[in-house]
Amino acid sequence: MRFDWEKIKSNLRARIQKIKSQNQIPLIDVESSFGEVPFYVTDKTDWFTKLELMNAHMDSLHIAFIALSPEKRSLKIKDENGKANFDFGLSWGKLNHKIYDLGYSWIMPNGIGSQPEPKFNAQEYRSHMFDEILRDHYPMMGEFFFRHYPSQDQIQVNNIKDKSDYNTPIDGPIGEEFFAFSAAHDIPLQIHYEIEDKLLPALENILGRYPKAKIIWAHLARVRKPQLSTIYGANWIESMILKYPNLYFDLSASAIDNVYPPGSDTYISTFWNRQTRHLQEDWKKVIAKYPWRFMVAFDLGSDRFGVSKLVGQVNNSRKILQEFPPEIAEILAYKAAWKLIFKEELTF
């Protein structure tokens, strides 16, 4: 059974209108994911329960919808002898259909998000993934890691470095495959790309070569290693907006007092003024000037998926939106995302 996208859009539009009727600003989350756990593996995380618990909070948090992406490097299944095997995710789409069948009106099934290194994503896997995205008419893809450091949580877990420190050239063959797919089918692609001076020319290279690719760069203003970054900032972002009309940004910025690595005194958000506890004026100015290029994201993931993280991310998003007048806040909160995903503007 294929997704009924007209029904999905109707449900999502109704949620937005209902929230608006309550004099609240709806939120669209463009970037969250759940882990690579088949629902039929009973000794793994029970995503049904997690989603049910979250469902109870969606209306009170005024969330219009979450673009929820399977986060799959490969799908581990068990053979008839109970041994685990990898089938390179050839049935990842089934997970989205199971979620859709739960009937939650706040879920928008999203394309897969993953780590695109060859050791995890063989060519046959990516080919199958692209086929399923087209078959099921997903309007957006998930977040793909090209340059990724271990997160604050991951870095504290033993033996996880090899699983969370990735470096795939964004302008190499795999990056070209993703950008070319986005360009050919007008399907937005989300990227995780850490901020270092030496990485920025490659990003500009691939953006220039694929001007029709729609790219959402995740985690605005999060600079985990500021000693490696002298170029990035609000002025540079404005120059990229003017140069590359196919580039967008999500607002899942790090909290004001986040440091990296944990226990250090290196604050990683260039977004906030730690003295005033408000946005830096240069960032506020560029976002207000180009609001259609920015959108809310909660960045829920398999290691941080649940009610507590959801509430925290909603609060973070609302704090950002409060920095802007209502007409700008509404674009950032839901109108820009709707226009990019569904290629139409909302008039309410």
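The values are calculated or read from the model by the stated rules, or taken from the named source; none is laboratory data. Remember, it's a predicted structure, so these values are computed and weren't measured experimentally. Positions of Cβ are generated from backbone atoms using ideal geometry, with glycine treated the same way; all protein chains shown enter the neighbour counts.
Set side by side, the residues 139, 169 differ, and just one is surrounded by fewer than 18 Cβ atoms within 10 Å (Cβ to Cβ), in contact with a strand residue (DSSP E or B) (Cβ under 9 Å, 6 or more places away or on another chain), modelled with pLDDT of 90 or more and not in a helix (DSSP H, G or I), which is 169.
Considering the conditions (1) crowded, with 18+ Cβ neighbours inside 10 Å; (2) in contact with a Pro (Cβ under 9 Å, 6 or more places away or on another chain), residue 250 is excluded by exactly one of them, (2).
Of everything in the stretch 1-54 that is of a type in the set (Asp, Glu) and either buried (at least 16 other Cβ atoms within 10 Å of the Cβ) or modelled with pLDDT of 75 or more (or both), the residue that is nearest to residue 327 (Cα to Cα) is 29. Checked across the stretch 284-291, the condition of being assigned to a helix (DSSP H, G or I), under 30 Å from residue 48 (Cα atoms) and of a type outside the set (A, V, I, L, M, F, W, C) holds for no residue.
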